1. Counting only other residues whose beta carbon sits under 10 Å from that of residue A:160, what net charge do I get with K and R as +1, D and E as -1?
2. Considering only A:75, A:365, A:318, give the residue with the highest GNM mean-square fluctuation for chain A, with springs between Cα atoms whenever their separation is below 10 Å.
3. How far, in degrees from 0 to 90, does helix B:323-338 lean away from the longest principal axis of the Cα atoms of chain B, to the nearest 10?
4. What size of dipole, in debye to the nearest 20, comes out for chain A about its Cα centre when the only charges are +1 on Lys and Arg C-beta atoms and -1 on Asp and Glu C-beta atoms?
5. I want to verify a result. In a Gaussian network model of chain A, Cα cutoff 10 Å, which of these has the top mean-square fluctuation: A:407, A:423, A:258?
6. Please arrange A:422, B:90 by counting, for each residue, the other beta carbons lying within 10 Å of its beta carbon, fewest first.
7. Identify the residues of segment A:192-228 with backbone N under 15 Å of a label point that sits 7 angstrom from the Cα of residue A:174 along the Cα-to-Cβ direction, or state none.
8. Given R₀ = 41 Å, FRET efficiency for residue A:300-residue B:219 by Cβ-Cβ distance, to 0.05?
Number of protein chains: 2
Amino acid sequence: MLYGGDSIMGSLEADILIRDCTILPMNGREIIERGFIAIKGDRISHIGRASGAQKIKAEKVMEGRGRVAIPGLVNCHTHVAMTLFRGIGEDQDLNKWLNKTIWPLEAKLKPGDVYDGALLGCLEMIKSGTTCFADMYFIEDMVAKAVEKAGLRAVLAPGILEAGSPERGEKLLKEGIEVVRKHHGSANGRISIRFGPHATYTCSPSLLKKVREAASSLNVGIHMHLAESREMVELVKERYGLTEVELLESIGFLKPDVLAAHCIYLSEEERQIMAKHDVKVAYNPVANMKIAQGILKIKDLMDLGVTVGIGTDGPASNNTLDMFKDMKFAALLQKVCYMDPTIMPVKQALKMATVDGAKALGLENTVGSLENGKKADLILINFEKPHLTPRHDPYANIVYSACGSDVETVIVDGTILMEGREVKNLDEGEVMQKASRTALDLLTR
Amino acid sequence: MLYGGDSIMGSLEADILIRDCTILPMNGREIIERGFIAIKGDRISHIGRASGAQKIKAEKVMEGRGRVAIPGLVNCHTHVAMTLFRGIGEDQDLNKWLNKTIWPLEAKLKPGDVYDGALLGCLEMIKSGTTCFADMYFIEDMVAKAVEKAGLRAVLAPGILEAGSPERGEKLLKEGIEVVRKHHGSANGRISIRFGPHATYTCSPSLLKKVREAASSLNVGIHMHLAESREMVELVKERYGLTEVELLESIGFLKPDVLAAHCIYLSEEERQIMAKHDVKVAYNPVANMKIAQGILKIKDLMDLGVTVGIGTDGPASNNTLDMFKDMKFAALLQKVCYMDPTIMPVKQALKMATVDGAKALGLENTVGSLENGKKADLILINFEKPHLTPRHDPYANIVYSACGSDVETVIVDGTILMEGREVKNLDEGEVMQKASRTALDLLTR
């Protein structure tokens, strides 16, 4: 098989050269042993086998011996500022957790709090190899500010919900439009904005229609919750006489730019409608287990051609943003759910966390795989660890054995965010201390 | 509440003093903030609040600021030498995996291979905070050798199975008796031996009776597989006209010294028989999901008073020995299985991995909790990490957010095995390299 690097004829300049590493490109091509990756500006300029690296002159050379390079992980559904609530209200039933614990705290949130929580989340993601995430929350411009500072890539969705107050819905939609105008495409394109209508049981069909119109006219996508709990699915059906997906289809809401999180309770008809409109899905195995909502049966969706990425959900219901943990859950939950160990092979689990995740966010031409011309979003995993030894199957080692802390180097948009586990542009101690203080203050405010 | 340290009157000598750390004693007592732990010889001599530490003079003082001390984790079921097969034969159905992948490789295993694999496993456990494990495998004296060198505590069970050959069963039982005589109580009591009859479908009732007699006369326990797969449960019922547990009860096999791994397919009657004889259970959530065997419903057992610990199972079917991963799976799998988020609270999950695990191995008077007079088997977790911030609930942070790599210090039997993540008595690079070579050699042998 011919890689870009094999055909390099003369000497070439690059900003960063990673040499002598194992590369899992995740674009359908096979593993490159002793490969190199050259980065020029914000893009991957060449990928190839070791011999090709000699022809490249780079400002910065990184030795990749014993390291495995993969695309940066893509977290398809979270509420990142909820790091502030990590570990609050454990082991409660959903109604108590929402009504007595989370919502009263969220009502007290100020913009600075969201920034502090989001920055802690960004730091956690950098340290565990996530380079891109899809967020949905209030005061999302503060999340944008944190993402810009941290250097990550993100698809941010300002939350929109009525919960009985149409005025509230209109106001949040207007604010969302402002966030789109201000932040969409900012930070060298690292930040994009979507609308975040919360769910069909908290937004009326008329509001959802307006959201759809705004999204289409501004050419941005939509990120929402769908079919997360049996109770809410039944409530919607009772209220409108239609299933959630039927309702959304009936108002022309469903298009390929819709990312739907959870999707646990879908009928076969609903799955077919999802597939017909190429709606994308975020699978949140850990949060769905923790809140005991149920299990998304992925094969049923994938067999219809639906794109599925993995989301951690918010750190209050996970309780981390470490995609390595969630990849393992993502695969194993499917195996036991279908009672079939051949379901969801390791390579497919890593695909969901990289290239399929990028596709779910509409970023398939930008990131998600390692190939010439794509944005340089990648991570190096240190495989010289007891739990990653021996290396019979690097995919299995990554999905089943690795931890976020095995990630040594993180590059986003051609910029090194972490090297040798040292985060470059954030003061770790300060970020942690500030978020801790804010979290404690919230409890006593 | 009065802790040992509060009542220290004069100055006291210790070998090791850990001061200013948060202590989760796991013995029913509450969290000690700013506590100290003093170790004299192989035992905890005093635990108390910060003020008490001033009265203690120690050879070695460790600063515990930002660290959380918990009992060393107890892995109740593994086949540790199978690190050699980590990542071999992924995503295969059980029959193919056993017949085509694992058994042919195991048939080639020599004593030195088992030692190399076991030592790698011991290294991995030290680096992820496991201080005690229950193993079952062939050539178990090589595992004993590795445990002795690594400094861990272990309950080792030489495997016994007939699989159609009574002579083989007799031979393995004899070898097991030899291992008991040679190793039981060795390494300052760190190593104990049990008999490891594989399962009711691979050992005849007559062999199992002999194993029971040998165990009782030598005063050692038994570690076996039980009710792991529906297929084998049905096979046994067809063969003997009794369920597995009924069969074992009928031959007088069941006593409190029996540790049964898996126990997925038990009837209510079988659970009651287990409880009546105080049989202990090892729950292996990750391996059961990975091989798609099913889900052990723990509440049904615990409501009857059965002691349940957590096992990783062998690294070929997990694929790590990192108990932090398995604690999270242990808790979340129960929540989604019962569709109840209040099931298996975080504190209970940590209890299963420490004090209940110790009880499952008959070591409840020796290890499993932090209290005066118990053996000094403990770990310090560095909480100054983004994913462990803020610290609203240290139990939740440990069970849901921490990784093995957050463990900074490991002490077993009063000896420091790891400090600042540096393993004291093993050459990490050498252990990994040797196991890698052995694993590759096995594939081509």
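1. Neighbourhood net charge equals +1.
2. Maximum among the listed residues: A:365.
3. With rounding to tens, the tilt is 70 degrees.
4. Dipole magnitude for chain A comes out near 580 debye.
5. A:423
6. Going from sparsest to densest Cβ surroundings: A:422, B:90.
7. It comes to no residues whatsoever.
8. 0.15
No value in this document is a laboratory result; all are computed from the given coordinates. Please read all numbers here as calculations on a predicted model, not as lab measurements. Heads up, the Cβs are rebuilt from the backbone with ideal geometry, glycines too, and the neighbour counts pull from every protein chain shown.
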